[in-house]
Amino acid sequence: MGLLSVASDGSRPCPDRSPCCPAEVSTVPQPHRPARPAGPPPPHRARRGAGAGTARHRDGRPRWGVRIAAGLSVAVLGSGAVGHAVMTGLDTGIERVDPFKDMKNRPQAGHGLNFLLVGTDGREKVSPEEKREYRLGGAPCHCTDTIMLVHLSADKERASVVSLPRDSYAEVPAHRDLVTGKAHKAHPVRLNAAYAEGGPNLTVRTVENMTRVKIDHYLEVDFTSFMKTVDAMGGVEICTAKTMRDRNTGLDLLPGNHRLSGGQALQYVRSRHVDGASDLGRMQRQQRFIAALIKQATGGGVLLNPVKFKEVSSTLLGSVRADRGFGSEQMLALGQAMRDFTPSSSEFASVPIGSPSFPVKGIGSTVKWDEPKAAKLFEALREDRPLAPARPGRTGGGPPAAVPVDVPPRQVRVQVENGTRIDGLGGRVDTALRATGFDTTRAPGNGASREVKRTVVTYDPRWDRSARSVATALPGSELRAVAGQGRTVVVIAGADYRKVVPVRAEDPYQGTFGVVTGDQVVCGK
């Protein structure tokens, strides 16, 4: 299921700017360029060594220094008395809720652990300055802005994150309204309204009824706790293949990599008007953000640094609401469980949608799930099975992370020409571009000039987004518009050519449940 609109200028002769294609990114052809960082990280951050996030050199040899340091840090966190001493006193700041009170007829427990992670509005806690800077005006809705079901596998080697659309059609069980005290019979609502009517307890009951997945722990994060946690981690790096602007939140990102502070990260995960996908597109950005968060936490900067781990844990636990069974001991156990995680250890899915606009009398438009597909998705969670399809031939080292691009490579037709006197260069470039997914002609020719020093990508202005996808795969290449050239992008290989960088569609959802793994959506090296 593709939740975001995907550019489609290869399967049919549809220009990048045609009304039959997604919204255009810019009005003037521009070469791909990384944006300036969104802001410097806070000054007192733990220093990250070169190559943090991997335990191997580029040539594949183990980096024993990193491994030894990581092992010592894990030993400190995991060694009974010392580990608990590091975490001492953190439980006192947790605001407790009892989401499981008086719950009956709950689903049978499966293997692994299931967390219900909800994001609430909570803008009343935000300072006036932050409200102005991050566009947080208006009254809080006292509802769940984000709802995610997070499953940690029994072997502690996989985390599965399933986003539940906040406007999902739901039926809340009989309950007493928290605000009015009035007893209500079971009735239909949008899923996020369950919190407004009955708080965490009704939210958990509703989700369990809809998914038949037993919730083990409940974590509630509001705007303030989210920003504080991101800042405690030193910001989080995200990347985007296209310009992202949302007037409602103030988000304004150029294509490239950005390290977002807490406030900027809040703008990123809240934005609903970046594209035509509204809330469903926003869920994908939230998933990409969590993948980036996991990458940073497991890359040696947080989980493998006892002092940093305590700082982040203290910030998180001191600013969230959690069930009585989740505290510093569980946080420590979670950190230990994730110490061997890599980006590919996390997988992300959204509930399969049957109707994105299902009308309900008295409520309005809701998101109706595809019940058969959703049932299979939640069955996989209950049975502790991976959601993502297996990728054959994958090794521990893995290929370099592909750079996200706006238009999927398979939809871009490419003709390669050799602009030098180097024999076979055109064929090598054609083969390399095809290997990363581009639809090359497999018939490279010779350019009009054989003295081209810098590789050139020529394109019809109507297909400028396709051209930028090609230029991203050819670092240092020059983009050159040629009116009337047509949909085929032409690459004139110059003497500067060294390699093709792997690229991928920005939202490469795969498999039955439309799943991606973290390594497919985080920023490449």
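See the values below:
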{"quantity": "Interchain or long-range residues, amide H under 5 Å from SER350's placed H", "calculated": "SER163"}
{"quantity": "3J(HN,Hα) from dihedral phi, the range 99-113, Karplus parametrisation 6.51/-1.76/1.60, rounded to Hz, x for glycine, proline", "calculated": "x, 9, 4, 6, 7, 10, 6, 6, x, 5, 5, x, 8, x, 10"}
{"quantity": "Modelled FRET efficiency - R0 56 Å, ARG176 with ARG410, Cβ distances, 0.05 increments", "calculated": "0.55"}
{"quantity": "Per-residue ³J(HN,Hα) for the range 172-181, Karplus 6.51 cos²θ - 1.76 cosθ + 1.60, θ = phi - 60°, Hz, x for Gly and Pro", "calculated": "7, x, 4, 6, 10, 5, 5, 7, 8, x"}
{"quantity": "Largest to smallest accessible area among MET338, MET283 [probe 1.4 Å]", "calculated": "MET338, MET283"}
{"quantity": "For the range 493-501, Karplus couplings with θ = phi - 60° (6.51, -1.76, 1.60), whole Hz, Gly/Pro x", "calculated": "5, x, 5, 7, 4, 10, 6, 9, 7"}
{"quantity": "Percent accessible area from carbon and sulfur atoms, the range 210-363, protein chains only, probe 1.4 Å", "calculated": "51 percent"}
{"quantity": "Candidate lysines - alpha carbon under 19 Å from LYS185, same-chain residues fewer than 8 apart omitted", "calculated": "LYS101, LYS104, LYS361"}
{"quantity": "For peptides 368-374, 411-417, 319-325, sequence by mean Cβ density within 10 Å, most packed first", "calculated": "411-417, 319-325, 368-374"}
{"quantity": "At most 10 other Cβ within 10 Å, DSSP loop - chymotrypsin sites (Phe, Trp or Tyr not before Pro), the range 286-355", "calculated": "none"}
{"quantity": "Rel. contact order, % - alpha carbon contacts under 8 angstrom, at least six apart, the range 440-501", "calculated": "44 percent"}
{"quantity": "Amide proton proximity set for THR440, modelled H, under 5 Å, gap of 5+", "calculated": "VAL414"}
{"quantity": "Nearest-10 value in Å² for the accessible area of THR420, using the 1.4 Å probe", "calculated": "10 Å²"}
{"quantity": "For the range 281-348, accessible area per residue (1.4 Å probe, heavy atoms of protein chains only), Å²", "calculated": "30 Å²"}
{"quantity": "Packing rank of 259-268, 236-245, 152-161, where each peptide gets the mean count of other beta carbons within 10 Å, highest leading", "calculated": "259-268, 236-245, 152-161"}
{"quantity": "Amide hydrogen neighbours beyond the local backbone of LEU260, cut-off 5 Å, H modeled", "calculated": "VAL236, GLU237, ILE238"}
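The values are calculated or read from the model by the stated rules, or taken from the named source; none is laboratory data. Nothing here was measured: the structure is a model prediction, and the numbers come from that model. Because the Cβ atoms are built from the backbone with ideal geometry, glycine has one as well, and the counts that use them run over all protein chains shown. To get the accessible areas, we keep the full protein, side chains included, count just its heavy atoms, and leave off ligands, DNA and RNA. Shrake-Rupley method; radii C 1.70, N 1.55, O 1.52, S 1.80 Å.
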